[in-house]
Amino acid sequence: MNEIFIEVIKGGILEDKLNLRQKLTVGRFSPGGIDNFHTINHMSVSRLHAEIFMDGDGQCKLVDMGSTHGTCVNKVLVKQSFLHDGDVLQFGNYTAMYMVTAAEEDGSSEEQSDEEEKPKIPMKDAKSDKLAYI
């Protein structure tokens, strides 16, 4: 089985790669007792904003925990959503991109055949504020 990661991209730079071996909680501060916590120091992010985890069927799921400013998947406001490879997540007004990616158990990225199109990386166009793929 492949491991699932969330890659945190800010300003076109990979800032972090978070493993989803266990539930990931996203929020503004890390309270005691939560093992896998990703802190976003931004006022539009709620203290306990959202959770990302693998459900019983092996699907990656995001659940907003009643945040004040909401959670978006591919620019659509959601309360909960299944995530897929390449989805872009937004917590509150924090604009980093969160890419859902899969890797082989040995930690390497999945190999693709020459016939398959390689995935494109989403980048926000500064002028039009639209998501472009490179």
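The numbers here are math on the coordinates, done by the rules we state, and not lab data. Remember, predicted model here, so these are calculated numbers, not experimental data. In this analysis, Cβ positions are derived from the backbone assuming ideal geometry, glycine residues included, and neighbour counts consider all displayed protein chains.
Side notes on the structure shown:
- Over all other residues within a Cβ to Cβ distance under 15 Å of residue 28, the charged ones net out to -1, with Lys and Arg as +1 and Asp and Glu as -1.
- Entries of 23/75; 17/61; 23/61; 10/75 with Cα pairs more than 20 Å apart: 23/75
- When the P(r) of the stretch 1-70 is calculated, the portion above 18 Å amounts to 42% of the C-alpha pairs.
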